[in-house]
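Read-outs throughout are calculated quantities, based only on the coordinates presented, and are distinct from any laboratory measurement. On a predicted model such as this, the values are computed, not experimentally measured, just so you know. Because the Cβ atoms are built from the backbone with ideal geometry, glycine has one as well, and the counts that use them run over all protein chains shown.
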Amino acid sequence: MATGAVPASFSGLKMRESSLGFGKSVDFVRICDIKMIKSGRKRISMIQNSNTGPEIVKLQPASEGSPVLVPRKKYCESIDKTVRRKTRTVMVGDVPLGSEHPVRVQTMTTTDTKDVAATVEQVMRIADKGADIVRITVQGKREANACFEIKKLSCAEKVGFFSFRINKSSYNIPLVADIHFAPSVALRVAECFDKIRVNPGNFARVQSEDDYEKELEHIEKVFTPMVEKCKKYGRAMRIGTNHGSLSDRIMSYYGDSPRGTVESAFEFARICPKLDFHNFVFSMKASNPVVTVQAYRLLVAEMYVQGWDYPLHLGVTEAGEGEDGRMKSAIGIGTLLQDGLGDTIRVSLTEPPEEEIDPCRRVYLVTQHDKNELFEYLADKALSVPVIHHIQFPKGVRRDDLVIGAGTDAGALLVDGLGGDGVLIEPRPGF
C-alpha cells in the first residue's frame, strides 16, 4: 500500500485566512498550486510548499489501491482499538464530565417550560430512570423566569404537598438551558441553571457580512458577557453546533459541510481561553450520522493541533422514533464511542424523554468490547440490545458465518468495508 509524507504547510484554497489548523496544513489545493514539472520523459505533479518548516503530515491512499495520497490527521488515540481520548474535567453542577469519569447520560424535556409543575415532574421521572443531566429549552424571558422555580423544585427535599410522584428523598440533577437567538435570556438563566448550551449558528446574529473581522468582533462583544457570567457563577457551557443551522457567514465560506460546523464552533471557542474560561464542552450534531461522525472527527483532529482537551457531548439530532431513531443514533454515537470519543451522550428520539435513557446506556455498553473480540463476544452473550461494531473478520470465518453466529430474532445487516473489515449492525427487540 502506498504511503508518503509532505511538509505540513503548503499553498491552499483560502478565501480568507482560516484560524483552523486545517487552513495551515491540510487545505484544499488550487489548480494553480499544482505545478507540472518534467522528470526525464515524464510529467509529474508537484505541490508548491509555502513553508519549509520541519512538521510533516503523513499521507495515505484516498481509497484502497488509489494512487492519490491524502493527508492523514489524528482524530483518535488509536484506529486499531478503543482508547478513550484524554480530556480535562468539566463540572456540570456536582457532576463531573471528562475522560476520568463515566460517560454521562442525558436527555431533554418536552414540556412547556413555562409550565413549572409539568416540567419538574418530567425532570423527576427522568432522574428516576437514571439520567445524569437534563436539558430544558429556554426560548424567552418568561421561560427564563420559570427556570428559577424549576431549579428550586427539582432540587427540593421530599415534602407532603408535592403533587409529584417521588421515588427518591431528594433530587439534585444538573439542569442545562438550551438557548437560541437570545443572549439576554442566556445571561438571565445562567444565574440558576448549571450549564448553558449555546448554538453558534444563531447566538450572535450579524447584520452585515462585508468585513469578516468586524463580524468576529461583534461575536466577541456579544459572547464575552456570557462567558464572564458563567465564570462568576461557576457554570458550565456547551458550544453546540448544529449542522442544520449554520450561520449565513459560515455557509458563504464553507458551505453546508462538516468543516463549516467545526469552524462555527471555533469562532466562539477561541474567545473562552482568552477570558481564562475552560469549563466548556463541544458538540457537532447533525441529523445524518455520517456527517455527525465526520464533523466530530474533524473537530478532534483540530483540537489535537491546538493542544485542547475539552470534553465532547455526542448525539445525532432529530434521530426519529422507534427502531429507525435508535439505529441512527447507534451508528453515529456508536462509531464515535469506538473511536474513544465522547464524555456525555444523548439518543435523541421523538418519544417521551425518559425513553431515551436506556438506549443511551445500551449503545455505550456494546461499544466497550475490543474489536478483535467481537465475534467471541457475540457468540457468548445473548444480548437483547442492538450491536454496531467496526470489526476485522477472523481468519477462516466468512461474512455469512459471522452473521449467523451472531444470531438475532430481528435479522442482521452487514455493511462491508475495505480490506476485510466491515460494520455489523444487529437490531434486536426491546431496544
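Using the basic label-point model (7 angstrom from Cα toward the beta carbon), what is the Lys214 to Ala118 distance in nanometres?
4.5
What ranking, highest mean first, results for peptides 266-277, 102-113, 281-292 when packing means the other Cβ atoms within 10 Å averaged over each residue?
Highest-to-lowest ranking by the protection proxy: 281-292, 102-113, 266-277.
If you find the alpha carbon centre of the range 80-150 and of the range 282-315, how far apart are they in angstrom?
20
With 32 Å as the limit, write out which pairs from Lys81/Lys285; Lys86/Lys328; Lys141/Lys232; Lys152/Lys231; Lys86/Lys141 have Cα-Cα distances beyond it, or answer none.
Lys86/Lys141
Test of understanding: ordering Glu215, Glu143 by Cβ neighbours within 10 Å, fewest first, what list do you get?
So the residues, fewest neighbours to most, are Glu215, Glu143.
Within 10 Å of each residue's Cβ, count the other Cβ atoms and sort Arg188, Arg346 from fewest upward.
Ascending number of Cβ neighbours within 10 Å: Arg188, Arg346.
Quick one: P(r) of the range 90-367 from all Cα-Cα pairs, 5 Å bins, percents rounded to integers, in order of increasing distance.
Distribution as computed: 1, 6, 13, 17, 19, 18, 13, 8, 3, 1, 0, 0, 0 percent.
Modelling each spin label as a point 7 Å along the Cα-to-Cβ direction, I'd like the Thr110/Ser78 distance in nm, to one decimal.
About 4.0 nm separates the two model spin labels.
Within the range 118-157, find all residues whose amide N lies under 12 Å from a label point positioned 7 Å from the Cα of Phe181 along Cα-to-beta-carbon.
Under cut-off, by backbone N: 139-141.
Which order do peptides 76-88, 305-317 fall in by mean Cβ count within 10 Å, highest first?
305-317, 76-88
Among His101, His243, which comes first, second and so on when ranked by fewest other beta-carbon atoms within 10 Å?
Going from least to most buried by this count: His101, His243.
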